[in-house]
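To start, the structure under review is shown below, and the notes come after it.
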Amino acid sequence: MDNQFEFDWQAAFNSVPFLLKGLPYTLMISFGGLVIGFLLGILFGLLSLNKKWYFRWPATAYIEIFRGTPILVQVLFIFYGLPDLIGAPIDPVTASIVAIAFNSGAYISEVVRGGVQSIAKGQQEAGLSLGLTRVQTFWYITWPQAFRRMIPPLGNQAIVSIKDTSLFSVIGVGELVRQGQVYIANTFTAFEVYFAVAIIYLGITLSLSLLLRIYEHRSKSAV
Amino acid sequence: MPYIVNIEKLNKHFGQLHVLKDIDLQVTQGEVLVIIGASGSGKSTLIRCINGLEEYDSGELKVDGHKLEPKGKSQQALNTIRKEVGMVFQQFNLFPHLTVQRNIMLAPLKVRNKNTQDAAKLADKLLARVGIANQAHKHPEQLSGGQQQRVAIARALAMEPRLMLFDEPTSALDPEMVGEVLDVMRDLAKEGMTMLVVTHEMGFA
């Protein structure tokens, strides 16, 4: 049998318009999930820094659970499991956004915690000694400095989460990978199509890296 | 004459270590009190108790008539006291994300509710007073150590404190910069500021 494989560039190019129909889903789930994840991360990150155990423990439990289980299991649980509990179906896109939100939120909590802890205690003491309240000290002194340090790890998490959306093909979300699978089912050009899919992901993540680098550079020169 | 600081039988432990043992200390208005002593003898801890950056275990501590309870039990008094007591740290602790002028403006804006214009005017006046009027729009990292410490003094003065605490203000400075900071402190003392200074600078003492 002739097993000589030849990469068919035409097949790869031809698949692109069909694949790009999945792009809005990939971007929407990533963006929506990360925005909510960022808010969750701030909330639970700050709670995990609290001295009182009844604030700290729930935050730690949340972080450990969502960091310690696979996001694939989490989305299957949300999509197939939760509807039994709440008595109503959840559509795949919503389930995907929720999964990205809670998963990235757990990692972002740790980013927030690390960022805040990295600011020298003297900064807080200086604020308090000037008569600022604890909240003012945090908001005007600690947070702006912590946030600047959080930008690189936040960008890192955004890239991870964007790639994680590829898993949601399993619950039928028409994102990039799912579009690829559907296309391949008709054309049997797996190598070329997955190659095109990979290039599209790379395009998204490289653009994001570039934007982050520009932003980081700007906020540094604005110091 | 009422004391600005009145400490009686103050005790403070760090675990097993009894750092402050039955301390009595009275400071009157306009007095400049210098505390010297070996490292680790509790000098810094003592002045940090006065504005509540450290809690103490027992005894009595009054600042300008406001009683500060042991173990951080008096948040209300603490807020009042911190507005009246300025502090200068060994490591300056300037805010690196703000300009020099903004460093000084922050507390007047947020604690005294001054408007931006007045706060900026105050900052410029204080910067002139500590001899670095031309550095207002730089960031702290662009200044020398001595200049940074002078900004820190100006920042504390912006709250118009009744008492200034200096926690080893020259210990982190290169020798040639010690003088400029001590000069500012001497001027302050001459103008009648009540000061409590922890230092190793025997010449100043």
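Residues are listed down the side, and each one gets a yes or a no for (1) under 30 Å from A:ASP91 (Cα atoms); (2) assigned to a helix (DSSP H, G or I); (3) of a type in the set (D, E, K, R):
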| residue | (1), (2), (3) |
| --- | --- |
| A:PHE138 | no, yes, no |
| A:TRP143 | no, yes, no |
| A:ARG148 | no, yes, yes |
| A:ASN156 | yes, yes, no |
| A:ILE159 | yes, yes, no |
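Please tell me if A:GLY87 is on the phi > 0 side of the Ramachandran plot and away from chain B (no Cβ under 14 Å).
On the way: on the phi > 0 side of the Ramachandran plot: yes; away from chain B (no Cβ under 14 Å): yes.
Considered against the rule, which asks whether it is on the phi > 0 side of the Ramachandran plot and away from chain B (no Cβ under 14 Å), A:GLY87 comes out as yes.
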Only one of A:ALA95, A:ALA99, A:ALA106 is part of a helix (DSSP H, G or I), at pLDDT 95 or above, within 17 Å of the chain's Cα centre (by Cα) and over 30 Å from A:PRO144 (Cα atoms); which?
A:ALA95
Taking the criterion of being more than 21 Å from the chain's Cα centre (by Cα) and not in a helix (DSSP H, G or I), would at least one residue in segment A:38-49 satisfy it?
yes
Need the failing condition index for B:ASN11 against (1) crowded, with 17+ Cβ neighbours inside 10 Å; (2) modelled with pLDDT under 95, just the number.
(1)
For segment B:44-66, give me the residue count where each residue is more than 18 Å from B:ASP22 (Cβ to Cβ) and either assigned to a loop (DSSP other than H, G, I, E, B) or touching a His at 6+ places or on another chain (Cβ under 6 Å) (or both).
5
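If you check B:VAL111, B:VAL85, which single one turns out to be of a type in the set (Val, Ile, Thr), in contact (Cβ under 8 Å) with a residue 12 or more places away in the chain, within 11 Å of another protein chain (Cβ to nearest Cβ) and under 27 Å from B:ASN11 (Cβ atoms)?
On the way: B:VAL111 fails: under 27 Å from B:ASN11 (Cβ atoms).
Only one candidate qualifies: B:VAL85.
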Just to be sure I understand, how many residues within segment B:151-170 are in a loop (DSSP other than H, G, I, E, B) and out of contact with any strand residue (DSSP E or B) (no Cβ under 9 Å at 6 or more places or on another chain)?
1
Go through the residues of segment A:115-130 one by one and say whether even a single one is touching a residue at least 24 places away in the same chain (Cβ under 8 Å), assigned to a helix (DSSP H, G or I), closer than 22 Å to B:LEU78 by Cβ and within 12 Å of chain B (Cβ to nearest Cβ).
no
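Looking at B:LEU127, is it part of a helix (DSSP H, G or I), more than 14 Å from every other protein chain (Cβ to nearest Cβ) and modelled with pLDDT of 95 or more? If you could, list the steps in order and put the result at the bottom.
On the way: part of a helix (DSSP H, G or I): yes; more than 14 Å from every other protein chain (Cβ to nearest Cβ): yes; modelled with pLDDT of 95 or more: yes.
Yes.
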For segment A:92-107, state whether one or more residues are closer than 30 Å to B:MET159 by Cβ and crowded, with 17+ Cβ neighbours inside 10 Å.
no
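The values are calculated or read from the model by the stated rules, or taken from the named source; none is laboratory data. Keep in mind the model is a prediction, meaning the values are calculated, not measured. Counting neighbours? That spans all protein chains shown, and the Cβs are built from the backbone with ideal geometry, glycine included.
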